[in-house]
Amino acid sequence: MLPVPCSKCGSAVMPGTRYDIDHLIPLSAGGPSTAQNLWPSHVRCNRSDGGRLGSDKTNGTTRRDKRGEPEW
């Protein structure tokens, strides 16, 4: 099965490394748990997107936006 490209970053998921099985369409967005929707991804890549899709990952608010600018 390995190596295959990571579903998030596209670089190879190599044998012997830790990886997650990622839902290409997240369960929270109605994605099924079928073989067609499951793909290996690096642990770090998979846990960084928080189940968001496409532009929601890049255009959403950041933690800094939520807590505001520091008051120094």
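Go through segment 1-25 and report how many residues are of a type in the set (Val, Ile, Thr) and either buried (at least 18 other Cβ atoms within 10 Å of the Cβ) or within 16 Å of Arg44 (Cβ to Cβ) (or both).
Kept after step one, since they are of a type in the set (Val, Ile, Thr), are these residues of segment 1-25: 4, 13, 17, 21, 25.
Restricting the remaining residues to those that are either buried (at least 18 other Cβ atoms within 10 Å of the Cβ) or within 16 Å of Arg44 (Cβ to Cβ) (or both) gives 13, 17, 21.
Matching residues across segment 1-25 total 3.
Identify, please: which residue in segment 26-43 is surrounded by 11 or more Cβ atoms within 10 Å (Cβ to Cβ) and of a type in the set (A, V, I, L, M) and is, among those, nearest to the chain's Cα centre (by Cα)?
Step one: filter segment 26-43 for residues surrounded by 11 or more Cβ atoms within 10 Å (Cβ to Cβ), giving 26-29, 31-32, 37-43.
Right, trim to of a type in the set (A, V, I, L, M) and you get 27, 29, 38, 43.
Details: Leu27: 12, Ala29: 13, Leu38: 12, Val43: 9 Å.
Here the residue is Val43.
Looking at (1) at pLDDT 85 or above; (2) in a helix (DSSP H, G or I), find the lone condition where Asp20 falls short.
Condition (2) is where Asp20 drops out.
The values are calculated or read from the model by the stated rules, or taken from the named source; none is laboratory data. Computed from a prediction, not measured in an experiment: that's the story for all the values here. Cβ sites come from the backbone with ideal geometry, for glycine too, and all protein chains shown count toward neighbours.
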